[in-house]
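Encoded as structure tokens, the structure appears first; notes follow it.
Values in this text are rule-based calculations from the coordinates and carry no lab data. A quick note: this is a predicted structure, and the numbers were derived from the prediction, not measured. In this analysis, Cβ positions are derived from the backbone assuming ideal geometry, glycine residues included, and neighbour counts consider all displayed protein chains.
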Amino acid sequence: MSKRHRLDLGEDYPSGKKRAGTDGKDRDRDRDREDRSKDRDRERDRGDREREREKEKEKELRASTNAMLISAGLPPLKASHSAHSTHSAHSTHSTHSAHSAHAGHAGHTSLPQCINPFTNLPHTPRYYDILKKRLQLPVWEYKDRFTDILVRHQSFVLVGETGSGKTTQIPQWCVEYMRSLPGPKRGVACTQPRRVAAMSVAQRVADEMDVMLGQEVGYSIRFEDCSSAKTILKYMTDGMLLREAMNDPLLERYGVIILDEAHERTLATDILMGVLKEVVRQRSDLKEIDEACKRIKREVDDLGPEVGDIKIIPLYSTLPPQQQQRIFEPPPPKKQNGAIGRKVVVSTNIAETSLTIDGVVFVIDPGFAKQKVYNPRIRVESLLVTAISKASAQQRAGRAGRTRPGKCFRLYTEKAYKTEMQDNTYPEILRSNLGSVVLQLKKLGIDDLVHFDFMDPPAPETLMRALELLNYLAALNDDGDLTELGSMMAEFPLDPQLAKMVIASCDYNCSNEVLSITAMLSVPQCFVRPTEAKKAADEAKMRFAHIDGDHLTLLNVYHAFKQNHESVQWCYDNFINYRSLMSADNVRQQLSRIMDRFNLPRRSTDFTSRDYYINIRKALVTGYFMQVAHLERTGHYLTVKDNQVVQLHPSTVLDHKPEWVLYNEFVLTTKNYIRTCTDIKPEWLVKIAPQYYDMSNFPQCEAKRQLDRIIAKLQSKEYSQY
């Protein structure tokens with residue numbers, strides 16, 4: 001043994017030889033050893049007490065968490081093994097583990113985790129934070145009662161105040177109920193009257209269930225499906241559920257169907273109610289806003305610095321989603337003089353039911369809303385300002401006072417409320433063009449429309465106009481039965497005229513171009529015209545203008561967008577709405593897939609051919625031959641057959657007045673306008689739609705006389721060939 005080794009051991013194990021002057025040192029060394037031993041004991045006791053406190057904290061936290069989970073109808077947490085884990089970390093003397101254990105004592109105790117039944121992963125801390133807020137919603141008081149009603153009744157009506165949690169919580173309870181049943185698991189569908197509501201609510205519920213949007217929770221809106229095979233809770237517009245019913249008449253994939261905001265009485269909701277009545281029987285289980293914002297801002301600025309800052313936010317359905325999210329921003333902070341900052345949301349009736357904005361204290365209700373109204377006699381659908389119903393007034397008042405007492409200022413008299421307003425919103429089915437509805441019902445196999453169980457039966461004239469339209473489009477035969485063409489048209493999420501146009505375009509070798517035009521017509525206006533740059537915007541628009549009209553101009557815009565690689569900057573420089581173009585591209589892709597499913601060829605006429613644009617215009621006529629106007633000698637246009645005096649809309653790119661124009665829509669404002677127009681030839685009308693252009697029932701006018709001459713000319717040519 002070396003000397004060095006012997007000396008080291010000698011300090012702890014002294015030799016038996018005594019040396020002078022070492023007794024005092026030995027006693028000091030013994031006392032030091034005893035002190036160190038006591039310090040270690042005290043440290044161990046302190047550590048044990050800290051661990052006991054941690055165990056008590058964890059036990060209390062687990063108890064409170066279990067109480068919260070049990071009240072939410074979720075399984076309690078199992079016993080934790082954290083003490084064993086901490087002990088193991090200390091016993092192995094791992095530096096990393098010891099640091100982690102120490103950090104755990106220094107910070108707050110983490111919330112014990114239970115397994116998410118949908119993902120088989122532990123719930124995130126955010127889940128518990130959201131769960132605490134969920135349990136404070138008024139609707140939670142009725143969870144057990146609701147579940148009991150759900151078990152005992154096949155269908156029922158649920159009424160609750162705005163903001164009570166109906167839209168987000170009840171569908172989740174239905175999911176829990178469906179998961180508890182034996183056999184194959186069916187999903188839950190919850191319809192919304194608006195697309196923005198379906199998207200925003202689905203995102204919120206996905207967060208509450210601690211899952212990814214598009215997996216267990218998804219949404220489905222027109223031209224966008226954010227769901228998967230794993231989706232068990234789907235939010236969708238009522239029109240999308242109606243479209244699903246075409247391929248699945250009994251909606252077998254769903255165990256519970258919730259029609260949310262049914263009091264709005266939209267067209268699709270009313271039809272769904274009628275369809276679901278039959279399903280239940282057969283299944284025993286079962287622009288002004290932006291201007292208003294600017295004006296409010298100017299008025300507040302004029303009040304001077306004594307008034308607090310104001311943040312004014314517009315809200316309407318065609319606003320980009322990222323801008324819609326601004327409504328959730330906090331108000332401006334207080335000024336040094338104590339003036340309170342205000343957040344003002346100027347909204348259409350989208351904020352009435354579809355979105356809940358926390359922190360709203362005051363609501364100003366003007367008592368009006370814009371509604372589409374259809375006149376079947378002249379086949380005109382107009383957007384009119386009308387008085388709201390009492391139900392809508394209550395919904396608007398319910399927007400205030402969610403988080404603190406609030407007030408609703410109604411800009412109409414109490415007498416008007418009591419005596420002039422209807423109790424409920426006038427059902428959309430009584431004021432809409434029913435062409436699409438009748439086609440969908442026929443596709444569902446419902447042939448007896450007269451005795452169909454509508455919530456409110458539409459006017460016979462409106463129903464007859466719809467049947468007449470579909471018969472002229474060859475979607476229905478003369479007996480009212482669905483044709484093969486009509487069955488195919490019903491598969492397209494489009495108006496019947498557009499669907500017919502897309503299918504017929506194959507016969508004119510221009511289906512690619514008609515797909516693009518149809519997609520552009522299916523999205524919000526693509527041309528941006530800012531107030532401060534109207535001239536520049538108009539000049540930019542004319543760079544895309546086609547001499548034959550607006551439909552081909554839209555085609556030019558889409559082609560230019562794709563040729564410039566879908567550039568955001570290009571859209572900005574040319575006053576084009578980038579979001580509209582991207583939406584159009586998505587719509588086009590979906591329509592292309594439907595065409596491929598039916599083996600409809602997608603092709604184009606050679607661009608250098610003189611027939612390139614002629615074929616496209618002829619294809620437009622196949623769908624819109626009923627929407628044609630003729631230029632009279634007096635200088636104004638007259639709609640064919642209906643004889644309504646109209647003018648070209650100021651937004652048209654046509655710099656001349658063609659004798660015959662096809663129009664996409666009739667706009668009734670201060671004047672009668674026809675919008676989105678294209679120059680056509682009268683010969684095409686009588687060749688493509690001879691059944692409609694039967695002169696025997698045509699009213700006397702210049703258009704009739706000219707068409708008579710054209711028909712006689714065509715017949716003489718045919719006769720001369722024999």
Across bins of 5 angstrom width beginning at 0, how are the C-alpha pair distances of segment 141-251 distributed, in whole percent? 2, 11, 21, 25, 21, 15, 4, 0
As a percent rounded to 5, the proportion of antiparallel DSSP bridges among beta bridges in segment 580-722 is 90 percent
Apply the a/c threshold of 1.5 to the C-alpha gyration tensor of segment 511-550 and tell me whether it is rounded, prolate or oblate. oblate
Among DSSP beta bridges whose residues both lie in segment 291-448, state the antiparallel percentage, nearest 5. 45 percent
Which pairs in the list 185/234; 311/671; 372/407; 641/681; 500/534 are over 26 Å apart, alpha-carbon to alpha-carbon? 311/671; 372/407; 500/534
Extension gain, residue 632 back to residue 317 (0.36 nm per residue minus Cα-Cα distance, nm): 109.5 nm
Quick note, segment 544-694: a/c under 1.5 would make it rounded; otherwise a/b > b/c is prolate and the rest oblate (a ≥ b ≥ c, C-alpha gyration tensor); here it is oblate
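For residue 453 and residue 604, what is the calculated FRET efficiency with R₀ set at 56 Å and r taken between the beta-carbons, to the nearest 0.05? Provide the component values of the computation, followed by the final result.
Details: r = 46 Å, r/R0 = 0.83.
After rounding, the FRET efficiency stands at 0.75.
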What is the sum of charges, Lys and Arg at +1 and Asp and Glu at -1, for the other residues whose Cβ falls under 11 Å from the Cβ of residue 116? -2
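Going by C-beta contacts inside 10 Å, put 385, 380 in order with the fewest on the left. Walk me through the intermediate numbers first.
Values: 385 9, 380 19.
The fewest-first ordering by Cβ neighbours comes to 385, 380.
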Could you give the semi-axes, largest first, of the ellipsoid that matches segment 205-259, computed as the square roots of 5 times the alpha carbon gyration tensor eigenvalues and rounded to whole Å? 20, 12, 10
Please identify every one of the trypsin sites (Lys or Arg not before Pro) in segment 656-722 that sits in a loop by DSSP and has no more than 14 other beta carbons within 10 Å of its own beta carbon. 671
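So which GluC sites (Glu not before Pro) in segment 242-274 end up in coil per DSSP with only 13 or fewer other C-beta atoms within 10 Å? Present the calculation step by step, with values, prior to reporting the outcome.
Values: sites: 244, 252, 261, 264; in loops: 252, 261.
When the GluC sites (Glu not before Pro) of segment 242-274 are filtered for loop state and at most 13 Cβ neighbours within 10 Å, 252 remain.
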Using the count of nearby Cβ atoms within 10 Å as a rough guide to exposure, how do 655, 210 rank from fewest to most? 655, 210
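Could you give the length gained by full extension between residue 700 and residue 468, i.e. 0.36 nm per residue of separation minus their alpha carbon distance, to one decimal place?
Numbers: separation 232, 0.36 × 232 = 83.52 nm, distance 2.13 nm.
Answer, rounded to one decimal: 81.4 nm.
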Using the basic label-point model (7 angstrom from Cα toward the beta carbon), what is the residue 593 to residue 534 distance in nanometres? 4.2 nm
Compute the label zone of residue 582 within segment 522-565: residues whose backbone N is under 15 Å from the point 7 Å along Cα-to-Cβ. 524, 562, 565
By count of other Cβ within 10 Å, fewest leading, how are 455, 626, 236 ordered? 455, 626, 236
Of 389, 439, 460, which is farthest towards the positive pole of segment 373-528's charge dipole, taken about the Cα centre with +1 and -1 on the beta-carbons of Lys, Arg and Asp, Glu respectively? 389
Show which aspartates and glutamates lie in cross-link reach of residue 38 when reach means a straight Cα distance below 19 angstrom and same-chain residues fewer than eight apart are skipped. 12, 26, 28, 30, 48, 50
Would segment 310-354 count as rounded, prolate or oblate if I go by the C-alpha gyration tensor, calling it rounded below 1.5 in a/c and otherwise prolate when a/b exceeds b/c, oblate otherwise? prolate
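At a 10 angstrom cut-off on C-beta neighbours, averaged per residue, how do the peptides 466-478, 197-209, 305-317, 335-347 rank from highest to lowest? All intermediate terms of the calculation are to be shown ahead of the outcome.
Working: 466-478: 19.2, 197-209: 21.5, 305-317: 16.5, 335-347: 14.8.
Output ranking for 466-478, 197-209, 305-317, 335-347: 197-209, 466-478, 305-317, 335-347.
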